[in-house]
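We did not get these values from a lab; they are worked out from the coordinates using the rules stated. Please read all numbers here as calculations on a predicted model, not as lab measurements. Cβ sites come from the backbone with ideal geometry, for glycine too, and all protein chains shown count toward neighbours.
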Amino acid sequence: MWLVNSSVGRKVVMSVTGIALILFLTFHMAMNLVAVFSERGYNAICEFLGANWYALVGSMGLAALFLIHIIYAVWLTLLNRKARGSERYAVTVRPTTVEWASQNMFVLGLIVVLGIILHLTDFWYHMQFAEIANDMVLAPGGDPADGIALMKITFKNPVFVLLYLVWFGAIWFHLTHGFWSALQTLGWNNQIWIKRWKCISNIYTTILMACFALVVIFFFIKVTFLGASI
Amino acid sequence: MDKNISFTLKIWRQRGPKVPGAFKEYPMKDIPGDTSFLEMMDILNEELINKGEEPVVFDHDCREGICGMCSLYINGYPHGPATAATTCQLYMRRFKDGDVITVEPWRSAAFPIIRDLMVDRGAFDKIIQAGGFISVNTGAPQDANGILISKKVADRAMDAASCIGCGACVAACKNGSAMLFVSSKIAQLNILPQGKVEAGRRVKAMIAKMDELGFGNCTNTRACEAECPKSETIDNIAFLNRDFIVAKLKD
């Protein structure tokens, strides 16, 4: 199977799963934004998804995408370290055209994974998991679809706000390289398109992560300074 | 007239592929700025021979930037700090008086060290043997100019063909990937009508050989194109990816 045996095939798997995950982030961000405009609307989305069969199928697909992306990342990194050889250079210089993120995708990925673990324990465990396990004690105020309450509880704490912002920063770096790199791997690139894709990557990623950050900061301010009830 | 400079060379010495190596320092005195880097290495070797020591082993041949034989990883750059130039095209005027110049061999698992600064780049020849050619029936070959090729296509193929196979891309890559070399060699042939006939077979054979020889997986860091003495771009790598994916989907 060429997606396993060949170097280009392995990279294609990284690209396709990566692009799918960017699309997921886009949907996630769009849903989060609703919380800024309408708390009822946001909880309606939570209710609509919940642990319904389509949401569960979606979550499983998503988990599979993450796992494939992470397993391939570890595998490729190990292969590449082996290809690099045991002797390292004494002096190395990073040419100006080489992005810092591009050489640190694995480290950034690790930070992203830590963030995901934090995020799953903060939210998913109290929402979808509570509903799957039918254990309403886990859910905020006994309602697993009350995402707004969870957001207020979580982002009241500045430590969590900071952790989430660091996490978003890592994703931003990861995506600014990952986005155009994925299209390069799929062969959709040349002298002209590389400039376009890099520009699109930067703008798209910045908007995406800024909106995520906006929601976190919005709820932090709302709870801390505007005295919104939890 | 360039002024003379004195500096210290820190050179990787290793007696054989299996023997552990180490850096050794050599002070160099009054080297004129218009000496080429390899001439400076010759001066050092002459001094070493006169002292009865073993000269430093390094690769070189044409010394005019077209054969791809010279290597050397100088102060963190394959082929030294000059851009779009090979080591033989590097002059000592780029360095300052009192500098410490670190000279290392290409370091990659697929390029084992033969001795000192010389590495075995035979892996590249094996990749070319796997598919870097076009098959032509001998006897009554067509005239070379019988097939018309547009200037744009010819230029693109020529740009890819300017790769000299020196291995700087592998040396620069943190993943030890040979994609810039392989993609240049594939693009050079697959772009032209004569090479297009075997495009799918070629790309599959050369990638398979590249993977088999232990080169790494490209992660698009672009370190290769920054260091390429012939300014090959990752445009070629996108071309290779495209041809490879199309060939595999056709199977």
A:F106 paired with A:W124, simple spin-label distance in nm, labels 7 Å along Cα-to-beta-carbon: 2.4
Under 21 Å from the Cα of B:K204 - lysines, other chains or at least 8 residues apart: A:K11, B:K126, B:K185, B:K196, B:K248, B:K250
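What ranking do A:169-179, A:56-66, A:139-149, A:24-34 get when scored by the average of other Cβ atoms within 10 Å per residue, highest first? Present the calculation step by step, with values, prior to reporting the outcome.
Working: A:169-179: 22.2, A:56-66: 13.3, A:139-149: 19.1, A:24-34: 15.4.
So the order, starting with the most tightly packed, is A:169-179, A:139-149, A:24-34, A:56-66.
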Cα centre as origin, Lys/Arg/Asp/Glu Cβ charges: chain B dipole, Debye: 920
Charge dipole of chain A about the Cα centre (unit charges at C-beta), most positive-ward option of A:L208, A:A101, A:W124: A:A101
Net length gained if the chain between B:Q129 and B:T83 were fully extended (0.36 nm per residue, minus Cα distance): 13.6 nm
Shielding by partners, peptide A:171-181 (average Cβ within 10 angstrom, other chains): 1
Spatial separation of Cα centroids for the stretch B:189-251 and the stretch A:122-165, in angstrom: 48
Straight-distance crosslink candidates among lysines, where the alpha carbon sits under 19 Å from B:K18 and sequence neighbours closer than 8 are dropped: A:K82
Rounded Å value of the spacing that divides the Cα centres of the stretch A:193-230 and the stretch A:166-189: 17
Sequence-separation-based contact order of chain A, relative, with Cα cut under 8 Å and 6+ spacing, percent: 29
Sites B:K29 and A:L114, calculated FRET efficiency, Cβ-Cβ separation with R0 56 Å, nearest 0.05: 0.55
Residue of B:K209, B:K230, B:K196 that the Gaussian network model of chain B assigns the largest fluctuation, springs spanning Cα pairs under 10 Å: B:K196
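Can you tell me what share of the DSSP beta bridges in the protein assembly as shown is antiparallel? A percent to the nearest 5 is fine.
80
For the stretch A:27-80, what class follows from the C-alpha gyration tensor (a ≥ b ≥ c being the square roots of its eigenvalues): rounded when a/c is under 1.5, otherwise prolate if a/b is larger than b/c, else oblate?
Details: a/c = 6.41, a/b = 2.19, b/c = 2.92.
Oblate shape, in that a/c is at least 1.5 and b/c is the bigger or equal ratio.
Per-residue mean of other chain beta-carbon atoms within 10 angstrom of the beta-carbon, peptide B:99-107? It would help to have the intermediate numbers written out before the result.
Details: counts 0, 1, 1, 3, 2, 6, 2, 2, 7.
Taking all residues of B:99-107 together, the mean is 3.
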Inter-label distance, nm, simple model (7 Å from Cα along the C-beta direction), B:E54/A:I217: 6.2
³J(HN,Hα) computed for each position of the stretch A:50-62 - Karplus, 6.51 cos²θ - 1.76 cosθ + 1.60, integer Hz, glycine/proline x: x, 10, 5, 4, 5, 5, 5, 4, x, 5, 5, x, 5
Antiparallel DSSP beta bridges within the stretch B:5-88, as percent of all bridges there, nearest 5: 100
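What size of dipole, in debye to the nearest 20, comes out for the protein assembly as shown about its Cα centre when the only charges are +1 on Lys and Arg C-beta atoms and -1 on Asp and Glu C-beta atoms?
Using only the charged Cβ atoms, the result is roughly 460 debye.
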Pairwise FRET efficiency - A:T97 versus A:F37, Cβ, R0 = 30 Å, nearest 0.05: 0.10
Size of electric dipole in the stretch B:1-148: Cβ of Lys, Arg +1 and of Asp, Glu -1, about Cα centre, debye, nearest 20: 520
Computed label-point distance, nm, for sites A:L67 and B:Q142 using a 7 Å Cα→Cβ extension: 5.2
Degrees, to the nearest 10: A:158-185 long Cα axis against longest axis of chain A: 40
Amide H partners (placed H, <5 Å) of B:T102, local residues excluded: B:K10, B:N75
Between the stretch A:1-59 and the stretch B:7-51, the Cα center-to-center distance that results, in Å: 57
The stretch A:143-230 shape via C-alpha gyration tensor axes, a/c threshold 1.5: prolate
